[in-house]
Amino acid sequence: DPRLRSVLLLCWRDTGHPQGGGSEAYLQRIGACLADDGVNVTLRTARYPGAARREIVDGVQISRAGGPYSVYIWAGLAMVASRVGLGPLRRVRPDVVVDTQNGLPFLARLAFGRRVAVLVHHCHRELWPVAGPMKGRIGWFVESKLSPRLHRRNQ
């Protein structure tokens with residue numbers, strides 16, 4: 001059956017996050033539309049003060065862990081663990097994974113291969129220096145070299 005049954009969305013923030021914005025609203029809307037069509041939608045994102053670890057918003061199951069940087073590590077561990085039936089995403093069996101690259105991707109391809117679609121709203125070239133000289137160089141390398149190479153066979 002080629003019907004889409006399950007989608008995993010990855011984004012560093014969600015619409016409830018104090019710094020959430022357009023990217024997060026866009027992803028939540030896509031998730032809500034898919035959920036309305038009967039698709040099981042899970043959003044993995046960072047936790048913030050006052051946020052529940054798990055909640056459902058507009059039919060989207062939200063799973064939160066980590067902060068601004070550690071969200072990537074915790075999401076990566078959760079994705080790998082889910083492949084063997086462990087961790088907070090153990091019941092998520094995505095047909096498609098949407099890796100939202102807000103500067104840094106989640107590198108979901110390492111866990112889910114070609115089932116990953118990378119969502120890039122814009123590049124951060126001019127913004128990376130704000131992160132500091134070292135973080136800026138690493139961020140720009142990941143965004144401009146590593147991610148395109150890693151995702152060259154993904155949508």
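The values are calculated or read from the model by the stated rules, or taken from the named source; none is laboratory data. Small disclaimer: the values here were computed from a predicted structure and weren't measured. FYI the Cβ positions are ideal-geometry reconstructions off the backbone, even for glycines, and counts take in every protein chain you see. For accessibility, only protein heavy atoms count, side chains too; no ligands or nucleic acids. Shrake-Rupley method; radii C 1.70, N 1.55, O 1.52, S 1.80 Å.
Structure notes:
- FRET efficiency, 1/(1 + (r/R0)^6) with R0 41 Å, evaluated for Arg3 and Val130 via beta carbons: 0.40
- Each of Ser144 and Gln19 was given a label point 7 Å from its Cα along the Cα-to-Cβ line. The distance between the two points is 2.2 nm.
- Sequence of Asp14, Asp58, Asp95 when ordered by accessible area, the most exposed leading, probe 1.4 angstrom: Asp58, Asp95, Asp14
- For trypsin sites (Lys or Arg not before Pro), the sites in the range 83-127 that DSSP calls loop and that have at most 15 other Cβ atoms within 10 Å are Arg83, Arg90, Arg91, Arg125.
- Of the trypsin sites (Lys or Arg not before Pro) in the range 1-63, those whose Cβ has at most 13 other Cβ within 10 Å and which sit in DSSP loop: Arg3, Arg5, Arg53
- 0 to 90° range, to nearest 10: angle between helix 70-82 axis and the chain longest Cα axis: 40 degrees
- Annotation: amide H-H contacts under 5 Å for Ile62 (H modelled 1.01 Å from N, sequence separation of 5 or more, or interchain): Leu43, Glu55, Ile56, Val57.
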